[in-house]
1. Students often forget the sequence filter, so: which lysines lie under 30 Å Cα-Cα from K8 once same-chain residues fewer than 8 apart are removed?
2. Quote the convex hull volume per residue of the chain, based on C-alpha atoms, as a whole number of Å³.
Amino acid sequence: MKHLVFVKRSRELGFSLEYIRELITLVDVGAFTCAEVHTIATSHLKNVRQKIVDLRRMERLLKSMADECSRGDVPECPIIDILSRPLDL
């Protein structure tokens, strides 16, 4: 039951199954240090922060596309046009 709660809580915090397996293995073996767990947690935190940056960028792009749309009854749609263009890298 303890593992189930651990896995559920870890998933709620967005840990990947790989990280969860690694943490459970460390706990089960009993040969872990707080520093090892800290490394895993801060690595995950870095990933979460990058996802937030990516989501904010996505939000801006989607808002920009939606703002260009007239919501008219014509078949031309700026959102479809934008989605059809190659990415500007």
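Rule-based calculations on the coordinates, nothing more; no lab input. Bear in mind the structure is a predicted one, so any value in this text is a computation, not a measurement.
1. By straight Cα distance, K8 reaches K46, K51.
2. Value for the chain: 147 Å³ per residue.
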